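Student: Pasting a structure below so you can have a look.
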Amino acid sequence: MLPKIYTNVPGERSLAWGKRLGEVECRNTTYLAEDWPIFWERADGVNVWDVDGNRFLDMTSGFGVAGLGYGFTAEALRRQSDVLLHAMGDVHPARVKVELCEVLSKITYEKWEDKKGKCLFGNSGFEAVEAALKTAVLATGRAGILSFEGGYHGLGYGALLGQGIGWFREPFEGQIAKVTQRLKFPREEEGLDDFLEQLTKVDGSKIGAVLVEPIQGRGGIVVPPEGFLAALREWCNKVGAVLIFDEIYTGFWRTGKMFACEWDNKAREDSRGSVVVPDLICLGKALSGGFPISVCVGRAEVMDAWPESGGEALHTSTFLGNPMGCAMALEAIRRYQETETESLVREAAEKLESGLRKLESLGMVKEVRGRGLMMGVEMDCGERVLDLTKALLREGVIVLPDGPKGDVLALTPPLGISSEEIDFSMELLRNLIEF
Ligand SMILES: Cc1ncc(COP(=O)(O)O)c(C=O)c1O
């Protein structure tokens, strides 16, 4: 449904909630200003309603979580919450944890190479990344990490090792081990040559993990050149490092394939597609459609670097494999596997991209880029994107700035967004930019 505004945005109620929050929440969490934020009351499909009754179109899917739209896994949550809210994840687990592990194995390593995958669950996305980094240390005995400028892997201390947006790391640098080497993330139009040259200079004997997003999200929606992932795969094979794809953002159709690593390998155009198979893949966000659950899935022989448990797990957490998260993820994956999902995403993606391409001729638009329903509009400066973000909100459309300088307007709508909703937001965007 298209937006409908009843009061100013933010309305009086949102402003009042903002005032209350400012007194009791840690600074630097929720951004509070005279014209920001709105407080959410409920959401359904592509829409969000705020406490003032205004209806918005969410072009972010709530940080990429809402997958096929808000509420598409709510019934699974209701059913599960009637019977079991919590179990003892690594001691006496819920049955649904087993089912989810089996399904995750099927849609990754069993599909890609007829081998089992094994799972290690977390709550937030960064925990899946940390589980992957620990796995790499156990598998290789090497602490070194190769990651990328502009890469975003979450903000836990372990995940900060891979963080490629400097200002997230800087205040905490004193507590972060100096084990990471960062390379420039190549852009599609640059080709691979410079990157391959940089890669030859890296001392592979020190690197245990290569941590990379197949398409950078928070780094400003950056698509690498074709062959990039395949080159990393080859390099990891050569030096014996573990290749980790962080698909927390790109996973579950966001880029037009179930996983973004299924785009990249010309050498492997067989019946399974052109997938570059990582040793470990990190998933979160759209995995459940709204419950904090994440997972590191790995090729079984790599995951088996973890020793057999003698009763006390070396890595776990209180809520590991929470049954509500597992039930929602099972339902989400069932829906993602329906045959119509692919065409739904393809049609919406084509519509969104063609709408955005029409903006390229406008002076202050530097570039339109992305893949599938993960698109970015780079503008001439970050202030412009912030102004646009706020102006769009006032008209009923939720978007976010991205990129280290905040100069990219990111658009990652729910996969089921309609053509009418895309047209509406494109027209609005054009009018606001021209104005
Ligand atoms: C690629 C990627 N990895 C990891 C994370 C961290 O996930 P979370 O914020 O759930 O910890 C994010 C969050 O935006 C992400 O985009």
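Student: Could you sort out which of Lys184/Lys351; Lys4/Lys390; Lys97/Lys134; Lys134/Lys206 sit more than 25 Å apart by Cα distance in this structure? Present the calculation step by step, with values, prior to reporting the outcome.
Tutor: Numbers: Lys184/Lys351 31 Å; Lys4/Lys390 16 Å; Lys97/Lys134 21 Å; Lys134/Lys206 15 Å.
From Lys184/Lys351; Lys4/Lys390; Lys97/Lys134; Lys134/Lys206, over 25 Å: Lys184/Lys351.
Student: Straight-line reach from Lys358: which lysines have a Cα under 21 Å away, not including same-chain ones fewer than 8 places off?
Tutor: Counting by Cα, and skipping residues close in sequence, Lys358 has these lysines nearby: Lys366.
Student: Also, I was wondering about something else. When only C-alpha pairs under 8 Å and at least 6 residues apart count, what is the relative contact order of segment 110-249, in percent?
Tutor: Values: 223 pairs, mean separation 36.7, N = 140.
In percent, rounded to a whole number, it is 26.
Student: Over all Cα pairs of segment 133-288, how is the pair count split among 10 Å bins, expressed in % and running from 0 up to the last occupied bin?
Tutor: Values per bin, smallest distances first: 11, 42, 38, 8, 1.
Student: Follow-up question, since we're still on this one. Three principal axis extents, largest first, for the C-alpha atoms of segment 329-384, in Å?
Tutor: 44, 21, 11
Student: Ok, one more. In straight Cα distance, which aspartates and glutamates are under 18 Å from Lys111, not counting same-chain residues fewer than 8 positions off?
Tutor: In chain and number order, the partners are Glu99, Glu102, Glu247, Glu262, Asp264, Glu269, Asp270, Asp279, Glu301, Glu338, Glu342.
Student: Step through the table entries Lys116/Lys238; Lys116/Lys257; Lys257/Lys285; Lys238/Lys405; Lys285/Lys405, compare each Cα-Cα distance with 25 Å, and write down the pairs that go over it.
Tutor: The answer is Lys238/Lys405.
Student: With all pairs of different alpha carbon atoms counted, what Kirkwood hydrodynamic radius in Å does segment 75-336 show?
Tutor: 18.6 Å
Student: Based on DSSP, what percent of beta bridges with both residues in the chain are antiparallel, to the nearest 5?
Tutor: 70 percent
Student: Along each of its three principal axes, how wide is the spread of alpha-carbon positions in segment 373-435, in whole angstrom units, largest first?
Tutor: On the principal axes, segment 373-435 reaches 30, 24, 16 Å in Cα extent.
Student: Do you know the relative contact order of the chain, to the nearest whole percent, from alpha carbon pairs under 8 angstrom that are 6+ apart?
Tutor: 22 percent
Student: How about segment 31-115: which chymotrypsin sites (Phe, Trp or Tyr not before Pro) there are in a DSSP loop, with at most 13 other Cβ atoms within 10 Å of their Cβ?
Tutor: Tyr31
Student: Let me ask you something else. Near the amide H of Phe148, under 5 Å away, which other amide H atoms are found, from residues 5 or more places off or on another chain, if H is placed in the peptide plane?
Tutor: Leu183
Student: Which trypsin sites (Lys or Arg not before Pro) in segment 133-217 pass both tests, a DSSP loop state and at most 13 other beta-carbon atoms within 10 Å?
Tutor: Qualifying residues, ordered by number: Lys178, Lys184, Lys201.
Student: Expressed as a rounded percentage, what relative contact order does segment 1-160 have, with Cα pairs under 8 Å and six or more residues apart?
Tutor: Once normalised by length, the contact order is 14 percent.
Student: Same structure, new question: Where in the chain lies the longest segment free of GluC sites (Glu not before Pro) that are both loop residues by DSSP (not H, G, I, E, B) and have at most 10 other Cβ atoms within 10 Å?
Tutor: 35-268
Student: On a C-alpha basis, how far is the centre of segment 59-121 from the centre of segment 158-200 in Å? Whole number, if you could?
Tutor: 31 Å
Laboratory data are not the source of any read-out in this text; all were calculated from the coordinates shown. Bear in mind the structure is a predicted one, so any value in this text is a computation, not a measurement. Neighbour counts run over all protein chains shown; Cβ positions are idealised from the backbone, glycine included.
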